[in-house]
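Enquirer: Take a look at the following structure, please.
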Amino acid sequence: MQFILKKGKNLKLVDQDNVKEELSEAIKSNLSSKYLDGADNFDVVVSDFETLEVTGDDNQQYDKISKIGYQFEGLTSEQEEVMAKHGFSDSNVLMANLNVIITPLNSGLHVVMYSTPNCMKCRITKQNFAKSIKNDEGIDVSLTVQDYYKDNIDETNVIDILSEDENKKNWSLSKVEKIKEKYGVKSMPLVKIVDNDGHTIDFWSDMDVAAIKKWKEATKNAKN
């Protein structure tokens, strides 16, 4: 099993064996910067965690967070007072107020891609994802690319602001503004990794070979 670990805006793939260690570091870093002025003379030991179903906002874009059991090691008496003042003490349960989020990565993912007419990078990106991915059991776990709008296969995600079709042109102009505002996109394609519930797990724009490779490998190694 692999997990997605997100602290703030940083996202990384974490193997199951390393989840507690990565969570410990993320929590320590967050606590230090938020409450302890960057102190590094203590450790956070994660004893357990579980995923809970919640509703995330547009920025969070996740439907699962971690309920984390943890304890401190090496806090000074002054640091203990600071943490207690903010409601943190040994054996507490840490929730999403520290913005540490994990969610299991499984094969229930697909690619949503927005492109423009005659875009070479868009075509190459789609071709890269189209190559078959098989896991260790020989099962095809390829990420499918959805390049149409929602469930309407007749409405493509091609953004064409010069289209002679008035509806397509208006949709394209509106979409350009939305993706600039939400994703900061400056060049196409816009590629999103989306789970089966429609939540965006990762995204990038332009031709990003490293991102494509990362998600193809993550899918190949995922265990259900």
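Enquirer: Can you check what the net charge comes to around LYS169, using other residues whose Cβ is under 14 Å from the Cβ of LYS169 (Lys, Arg +1; Asp, Glu -1)?
Expert: In short, -4.
Enquirer: Less than 12 Å Cβ to Cβ from VAL82, Lys/Arg counted +1 and Asp/Glu -1: what total charge do the surrounding residues give?
Expert: -2
Enquirer: In segment 158-204, what GluC sites (Glu not before Pro) fall in a loop by DSSP, with at most 11 other Cβ atoms inside 10 Å?
Expert: GLU164
Enquirer: If packing is taken as the mean number of other Cβ atoms within 10 Å per residue, what is the order of 119-129, 75-85, highest first?
Expert: Put in order of decreasing packing, that is 119-129, 75-85.
Enquirer: Whose amide H sits under 5 Å from the amide H of PHE49, counting only residues 5 or more places off or on another chain, with H placed in the peptide plane?
Expert: Result for PHE49 returns GLY69.
Enquirer: Using modelled amide H (1.01 Å from N, peptide plane; none on Pro or chain starts), what sits under 5 Å from the amide H of SER142, excluding residues fewer than 5 places away?
Expert: Amide H neighbours of SER142: ILE133.
Just so you know, all these numbers are worked out from the coordinates, no wet-lab data involved. None of the values given here were measured: they were computed from a predicted structure. Ideal geometry is used to build each Cβ from the backbone, glycine not excepted, and the neighbour counts take in all protein chains shown.
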